[in-house]
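Report on the following structure.
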Amino acid sequence: MKTAIVTGVAGFIGSSLAERLLKNKFKVVGIDNFTKYYPKKIKLNNIKSFRKNENFSLLTKDILNSDLRGVFNKADFLFHLAAQPGVRASWGKDFVNYSKNNIHATQKLLEYAKNTKSLKKIILASSSSVYGIQDGKMNESKTNTEPVSPYGVSKLAVEHLAKAYVKNFNLPIVMLRYFTVYGPRQRPDMAFMKFIMKSLRKKPITVYGNGNQKRSFTYIDDIIDATISSINVSKNGEIINVGGGKINSIKKNIEILSNLLEYEIKIIHEDFPNGDVNRTEADTTKAKKLIGFKPKISIKDGLEFQYEFVKKNKGLYNF
Ligand SMILES: NC(=O)c1ccc[n+]([C@@H]2O[C@H](COP(=O)([O-])OP(=O)(O)OC[C@H]3O[C@@H](n4cnc5c(N)ncnc54)[C@H](O)[C@@H]3O)[C@@H](O)[C@H]2O)c1
């Protein structure tokens, strides 16, 4: 049985990944310090379905001030998803959380990895936000990386750190640039979660700009497929976009949600916040080639699955 470390295991993507790894007969050591970015009860709910699984152990620890050498010495794979996410909150005094939980925490893990012989692959979660404002499809080698938010800068710094460890120590790292992930357990600061919760309570939602902004929205199960398949990438230091099939506007998705909710969602428009980008579109040619990535879930189905999840767990989210 292979052992995988999943950092950020109580978060949206980390918990979904751990659940699937356990189904696929991995032993999972999950690490999370339950940062206060959103409520602990949501994170505890994320891990509820597998917390008692005999192949799962939870280390409630901060990567930054814990000694994790013992854990690393027994692991075959590291999936590093722990981070301080969120574009808008990355301005101002809270940037310290981004530099600590993204840059410093990753550097600490890379140092462990450098001194561990058992690790066969290290998968790092990066983000489409490293691209910044770009026209057309975002391609890993052809598109410039010019992040326009401190969050994006911190994720790009993580990529550069990882590249330095590949170059100097040949660490078996793969970096995945996730594009806006959605579905059950989505973080409560993310748009679809806010839209659904507010609309269920018949409150108006806030849309930045005119709602024509487009994204490669990516369903959580497709992200998990790609993340697990990445353990088979042979070259060290690959960077791979993981983004949903068709780009979609916020406006269109609100229409889909209105139909699901059988309620005309009320919208308040606000100015576009600093650091947000108007458009992301993933070129997934490389993902297809290297990890056989083919997103399976349409935005219509994915939003329905998320809506069903929120209805069941309405009490967890206070909007
Ligand atoms: N959700 C998206 O759309 C998206 C898009 C692009 C990239 N990403 C990346 O994917 C990863 C997961 O994102 P998510 O949406 O699941 O976020 P999340 O906030 O739900 O999960 C991150 C988890 O990491 C934990 N954590 C943070 N700092 C830690 C530390 N120092 N020690 C231990 N645990 C710590 C938090 O408590 C949290 O539970 C992140 O690296 C994020 O940057 C996410």
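Throughout, read-outs are computed from the coordinates displayed, never taken from laboratory work. These numbers come from a predicted model, not from an experiment. Backbone-built Cβ (ideal geometry, glycine too); neighbour counts: all protein chains shown.
Remark: the Cα gyration tensor places the stretch 235-312 in the oblate category, a/c being 1.5 or greater and a/b not exceeding b/c. Computed extension length for residue 296-residue 252: 13.9 nm, one decimal, from 0.36 nm per residue of separation with the Cα-Cα distance subtracted.
Amide H contacts under 5 Å for residue 59: 30, 31, 32, restricted to partners 5 or more places along the chain or on a different chain, H placed in the peptide plane at 1.01 Å from N. For the pair residue 74 and residue 94, label points projected 7 Å from Cα toward Cβ lie 3.6 nm apart.
Just the C-alpha atoms of the chain: what Rg/Rh do they give, with Rh taken as the Kirkwood radius? Don't jump to the answer; show the numbers that get you there.
Numbers: Rg = 18.7 Å, Rh = 19.8 Å.
We get a ratio of 0.94 for the chain.
Applying both filters, DSSP loop and at most 11 other Cβ atoms within 10 Å, to the trypsin sites (Lys or Arg not before Pro) of the stretch 1-44 gives 25, 36.
Seen from residue 308, the other residues with C-beta closer than 15 Å to its C-beta sum to a net charge of +1, counting Lys and Arg as +1 and Asp and Glu as -1.
Starting from 0.36 nm per residue, how many nanometres of slack lie between residue 170 and residue 67 once their C-alpha separation is accounted for? Let's see the in-between values first.
Numbers: separation 103, 0.36 × 103 = 37.08 nm, distance 2.32 nm.
Computed gain between residue 170 and residue 67 is 34.8 nm.
Under the classification rounded if a/c is under 1.5, otherwise prolate if a/b is larger than b/c and oblate if not, where does the stretch 26-104 fall, given a ≥ b ≥ c as square roots of the Cα gyration tensor eigenvalues? Since a/c reaches 1.5 but b/c is at least a/b, the shape of the stretch 26-104 is classed as oblate. 3J(HN,Hα) along the stretch 205-221: 9, 9, 10, 7, x, 8, x, 7, 5, 10, 9, 7, 6, 10, 6, 3, 5 Hz, from the Karplus curve 6.51 cos²θ - 1.76 cosθ + 1.60 with θ = phi - 60°, whole Hz, x for Gly and Pro. For residue 280, the residues 5 or more places off, or on other chains, whose built amide H falls under 5 Å of its own are 214, 215, 216. Sorting the segments 187-193, 232-238 by their residues' average number of neighbouring beta-carbon atoms within 10 angstrom, most packed first, yields 187-193, 232-238. Ranking of 220, 31 by neighbouring Cβ atoms within 10 Å, starting from the fewest: 220, 31. Remark: spin-label model distance residue 271-residue 148 equals 1.4 nm, labels positioned 7 Å along the Cα→Cβ axis.
On full extension, the segment bounded by residue 24 and residue 111 gains 28.5 nm, given 0.36 nm per residue less the C-alpha separation.
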